[in-house]
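Some notes on the structure that comes next.
The values are calculated or read from the model by the stated rules, or taken from the named source; none is laboratory data. Predicted, not measured: the structure shown is a model, and the values here were computed from it. Glycine also receives a Cβ, built like all others from the backbone with ideal geometry; neighbour counts cover every protein chain displayed.
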Amino acid sequence: MKRRDFLVSALTLPLFASIAGNALAADTLTVLLPPWGTLPKEMTDRFATEAGVTLDAQTLGWDDIRTKIITSMVAGTAPADATEVDWSWVGQFGAAGWYEPLDGKIDQAVIDDIPTASIFRYDGKLLAVPYNNDFRILIYNKAHLDKAGIKAAPTTPDEMLAAAKAVKAAGIADYPIGLPLSSTEGASTAWYLLTKAFGGDLFDKDFKPLFTAKDSGGYKALAFEIGALKDGLIDPASTGLKDVEVQELFKAGKITFDVAGWAGNLALYSDPAKSQVSGDVAAALMPSVTGKSRTIGLPEAVGIPTGAANGKAAEAFIAWVTKPENEIAGYETLGNLPPRLSVLKMLNEQGKLKQGDVLLAQAAVVEPLIAQGTPGWYPQFSTAVASTINQAAKGQLSVDDAVAAIAKAAEDAQKD
Amino acid sequence: MRSLISTLPGRVGTVLAVILLVAWSLGPIYWSLVTSLTPPLHLLGAPSLWPHQITFEHYAKLFGATSLSQGNAVQSVWPQFSAALANSLITSVLATVVTVAIAAFGAYAFVRLEFPGRDLLFVAVVATLAIPAYTVMIPLYRLMISLKLIDTYTGITLIYVSAFLPLALWLMRSVYQAMPISLEEAAWLDGAGRVYTLVHIVLPLAAPGLIASAILTFLNAWGQFMVPLVFSPTLATKPLTVLIPEFVTRNYIDFGLMNAAGILAIIPPVLLVLFLNRYLVSGLMAGATK
Amino acid sequence: MPSSSPRRSRKPGELVLAAALVVPIVAIMGGLVFWPLATSVLDSFYRVDPMRPGTPFVGLANYSGLLADGNVQTAWLNTFAYVAMAVVLETIGGMGAALLLNRVKHGRQWLLAITVLPWCLPPVVNAIVWMWIFNPSYGLLNHALLWLGVIDARKVWFNDQATALFLVSLVHVWRMMPLTAVILLAALQSIPRDLYEAARLDGAGPIKSFRLVTLPLIAGGIAIALSQSTVFAFNLFDEAWILSGSSLDTRSVIIQVYLTAFQNLRFSSGMALSILAMIASLLVSLIYVLRVYRETRYD
């Protein structure tokens, strides 16, 4: 409260009284989500009738939601009654105290059924409930491997390199490995994932970097990326490609391995209307040097900002979103992979899940990126990681210099 | 005959310059048009100056109720698109009318009337051009909430006016300064009042400046993104610039749809410019008769 | 003949009229710009960081922190490069377009409409169109240059910093040049035609009459055009952000403001940087405005 008192007194404007800034009647529920969180109107109408509220669904582009939330919260008002919460924001929003703890407000059995819910805990408190499950999995073009005479999907990074070389040598794809190396979050998360594939972790329990030694997972992961780039296995143009653009290349059959594949994308890749490789797409567990596949979860959730005008209705909305039938509808209409394990299993049994068995096996080993939870300095760190990887890929930094720069960025981000 | 020959190089130069200007301005827009007509699956291929296969599916998605695209039902975005188009038009027109009116009268005061602090006030207002949007956004948001102007045309218009007034004011001031005062003085001698002179003599002469200010304000408002992103949360006032990025879906950038929307978004401002341009040209005639 | 206004006796009604005309400006600018600006300036002397309790007064610590930050320095250098390229290209191109529009007799309204088209394209679509043109594998630029024989292999344009800065500026110039053209065209249109006649009778050629008649009379317009292109170039964000994200090669000051305030939540530090950006663009604009007005004072 002190912070806001300051802002108010600095302004000498008696504005803070208008905490219920939306100035809407209490029976209106405003929900702010990205386009893929906006369920069809027929469905939300049903909710509105059941809950006896008017639903005001606000949609914003992905990059813009965060700007909107931060502007509103710093100004001291809730942007909506329920909003998008990305896993990477949890540390910041938790430290700022911007979201209402949801413990005890949502059925515990439901939370227990959502393995990724733990990623949304800050200081032990649940800040948001996932509506979209996302974790990384190896997606590959089976036809490319068949043509190159490779029988099975790679299980280690080295096997993947060998397979990529064979595909390139056979002239099937110019650049078999798809990996974003632009200065965007996608480049950072790809490196995090490979760090785990090489058996490493980003930080120890005191947030000291674990990726600077030459035998560390993080070092090997970056060396893998830069080596594959130099060997012509990754498109040199990747320094300008975001993750979604790499995915476009996969859909066009230009690349063999979508290394940082989004589990939810399997449905898209298998859709003949949207993909040229619909018949050839396959998934495998993330390769690993340890023999045990590891992957990271990067889910999205809904939470209730502090000061929301209609928190009660927002709780009802969150509970409604997690109902099995609504998660299934979200999967079928918007392609959001259900966060509830039981729902995933049900879909798989009904044969509605593409590559369902692999998906379920990978889902079982999903871990958070940072074991102690996403810290508040994560966004600053991750931006520095992306721009450093981008520099290394452009040949401006060596791998040694790059990991040193990333370690320094981690230190700077934690400093104050 | 001699004059024809002597002006020939000049004419060829003019024609070449026109071609260059047209190519520079239209080239990327033409490319946007081509993209909007290319089937999504063909976008990743060698670029060709005209799509091998033309599709209207992106426009159908914008206009049609529900259309079929390769066997899939595609949801229409027309209700959202048309609402956002209307919002863009309404806020831009309102901002233009208010800004030009205030600037036309206000700049006159800064040139022809004497009042304390005149030059200081003018410099201070023009200097606000340099303020980045981020600098004032959060205090402004707090203010708009307290005035209950979030998601209203009034709120957006007021912010646009405050952002574009300095440029319009400066432009109008320079127009009035270039105008000889003798015409006004003649009118005063005939017994005409200040306001009458301003409206009936000065403003018609300032037409090119007024039209240029209107074009500048309208197009600046049309392209705004940050302001409506924060101050227009719903389709009640949300403009095209905020709606179009929503076509970047989670796992798919709908290039075709974005470009189709961009091409349609060009049409209203171009019509307006064509319309206003008649007056910008007729301003020349007014200038010539001085 | 009494000509200049100060010598006229001030009628009592004049002050009332001036007040009526100026009050709307004072109210709108004061309430919606100066007030919020003052708040942000004040905030920049405190530590406003939502993730940390309290908002202690820190004096100039936010500003001194910015001076020491290597990323901020890079962003400044990039921004100065953008401003230099954008102002030069927009002024030359905009002046050329305005002179051409002023000269063309047939179809002028169509040519003007075509000239302002780039500005009508929503900024996001604009940046995306260019992103496709610059795309190393499928872009028009590589294909065209290969076809023309200018280059012999596809280039990844954004891997080279100088090229990247130039291309980002080019996208910005493409969008903003019409502004300069419209401002200068309006100034050109206000020049009475008989002045050119007089110059021609005095034996002045086109270049001489441009220098002696046109330039002095559109000096005010040039000052406005230069200042607005400077200010917009200092505020460059979308083009660099969409074309190459947070890359240090192309990061502008305003991108750094966004990252600091809205991504890292170091709010008052971001405000301090945005205020510095404002001051820098004011200072640069002031240089032109003063020069232009001083050198063209002809009355």
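Descriptive notes on the structure:
- From the list B:228, B:208, the one residue that fits, being more than 8 Å from every other protein chain (Cβ to nearest Cβ), in contact with a helix residue (DSSP H, G or I) (Cβ under 7 Å, 6 or more places away or on another chain) and either buried (at least 22 other Cβ atoms within 10 Å of the Cβ) or of a type in the set (Ser, Thr, Tyr) (or both), is B:228.
- When residues in region C:137-174 are screened for being of a type in the set (Asp, Glu) and either crowded, with 21+ Cβ neighbours inside 10 Å or within 16 Å of residue A:182 (Cα to Cα) (or both), 1 of them pass.
- Answer residue from region A:38-64, given it is in contact (Cβ under 8 Å) with a residue 24 or more places away in the chain and surrounded by fewer than 17 Cβ atoms within 10 Å (Cβ to Cβ) and is nearest to the other protein chains (Cβ to nearest Cβ) among those: A:40
- For residue A:239: the one exception among (1) outside any helix (DSSP H, G or I); (2) in contact with a Ser or Thr (Cβ under 7 Å, 6 or more places away or on another chain); (3) closer than 16 Å to residue A:385 by Cβ: (1)
- Matching option when the condition is surrounded by 14 or more Cβ atoms within 10 Å (Cβ to Cβ), at pLDDT below 85 and away from chain A (no Cβ under 14 Å), among B:62, B:89: B:62
- Of everything listed in (1) over 27 Å from residue C:141 (Cα atoms); (2) without any contact (Cβ under 8 Å) to a residue 40 or more places away in the chain; (3) not in a loop (DSSP other than H, G, I, E, B), the single unmet condition for residue A:278 is (3).
- Residue satisfying condition, being closer than 22 Å to residue B:272 by Cα, out of contact with any Leu (no Cβ under 6 Å at 6 or more places or on another chain) and either surrounded by fewer than 22 Cβ atoms within 10 Å (Cβ to Cβ) or among the basic types (Lys, Arg) (or both), within set C:93, C:70, C:107: C:107
- Residue list for region A:242-263, restricted to those being assigned to a loop (DSSP other than H, G, I, E, B) and among the polar types (S, T, N, Q): A:256
- Looking only at residues of region A:121-157 that are in the same structural domain as residue A:246 (by TED's automatic domain parsing), free of Cβ contacts under 8 Å to residues at least 40 places away in the same chain and out of contact with any helix residue (DSSP H, G or I) (no Cβ under 6 Å at 6 or more places or on another chain), we find that the one that is surrounded by the most Cβ atoms within 10 Å (Cβ to Cβ) is A:147.
- The set of residues in region A:325-367 that are assigned to a loop (DSSP other than H, G, I, E, B), more than 18 Å from the chain's Cα centre (by Cα) and either hydrophobic (A, V, I, L, M, F, W, C) or surrounded by 18 or more Cβ atoms within 10 Å (Cβ to Cβ) (or both) comprises A:353, A:354, A:355.
- Qualifying residue in region B:126-139 (condition: over 21 Å from the mean Cα position of the chain (by Cα), over 24 Å from residue B:219 (Cβ atoms) and not in a helix (DSSP H, G or I)): no
- Filter result for residue A:156 (of a type in the set (Ser, Thr, Tyr), under 30 Å from residue A:404 (Cβ atoms) and out of contact with any Ser or Thr (no Cβ under 8 Å at 6 or more places or on another chain)): no
- Residue A:95, sole failed condition from (1) touching a residue at least 40 places away in the same chain (Cβ under 8 Å); (2) crowded, with 21+ Cβ neighbours inside 10 Å; (3) not aromatic (Phe, Trp, Tyr): (2)
- Looking across region B:104-118, the residues that are more than 8 Å from every other protein chain (Cβ to nearest Cβ) and not in a helix (DSSP H, G or I) come down to B:116, B:117.
- The set of residues in region C:129-153 being part of a loop (DSSP other than H, G, I, E, B) and either within 17 Å of residue B:33 (Cα to Cα) or in contact (Cβ under 8 Å) with a residue 40 or more places away in the chain (or both) consists of C:138, C:139.
- Condition check for residue B:138: modelled with pLDDT of 90 or more, crowded, with 19+ Cβ neighbours inside 10 Å and among the aliphatic types (A, V, I, L, M): no
- Of the set (1) surrounded by fewer than 20 Cβ atoms within 10 Å (Cβ to Cβ); (2) more than 21 Å from the chain's Cα centre (by Cα); (3) more than 7 Å from every other protein chain (Cβ to nearest Cβ), all apply to residue B:144 but (1).
- Taking the listed residues C:112, C:117, C:101, the one that is more than 8 Å from chain B (Cβ to nearest Cβ) and either part of a helix (DSSP H, G or I) or surrounded by 19 or more Cβ atoms within 10 Å (Cβ to Cβ) (or both) is C:101, with no other qualifying.
- Checklist (1) over 24 Å from residue B:94 (Cα atoms); (2) in a helix (DSSP H, G or I); (3) not basic (Lys, Arg) applied to residue B:170, failing item: (1)
- In region C:177-210, the residues that are at the interface with chain B (Cβ under 10 Å from one of its Cβ atoms), assigned to a helix (DSSP H, G or I) and buried (at least 23 other Cβ atoms within 10 Å of the Cβ): C:177, C:178, C:179, C:181, C:182, C:183, C:184, C:185, C:186, C:187, C:189
- If you go through region B:171-218 and keep only what is closer than 28 Å to residue C:178 by Cα and among the polar types (S, T, N, Q), you end up with B:174, B:177, B:213, B:217.
- Residues of region A:226-257 satisfying the condition of being more than 12 Å from residue A:173 (Cβ to Cβ), under 22 Å from the mean Cα position of the chain (by Cα) and crowded, with 24+ Cβ neighbours inside 10 Å: A:238, A:239, A:240, A:241, A:246, A:247, A:251
- Among the candidates A:292, A:323, A:312, A:354, residue that is of a type in the set (Lys, Arg) and in the same structural domain as residue A:263 (by TED's automatic domain parsing): A:292
- Some residue of region C:136-143 being within 12 Å of residue C:250 (Cβ to Cβ) and polar (S, T, N, Q): no
- Among (1) of a type outside the set (S, T, N, Q); (2) within 21 Å of the chain's Cα centre (by Cα); (3) modelled with pLDDT of 90 or more - the single one residue A:307 does not satisfy: (2)
- Test: residue in region C:66-77 that is farther than 20 Å from residue B:132 by Cβ, more than 8 Å from every other protein chain (Cβ to nearest Cβ) and either at pLDDT 95 or above or part of a loop (DSSP other than H, G, I, E, B) (or both): no
- Checked against (1) touching a Gly at 6+ places or on another chain (Cβ under 8 Å); (2) under 23 Å from residue B:257 (Cα atoms), residue A:288 passes all but a single condition, namely (2).
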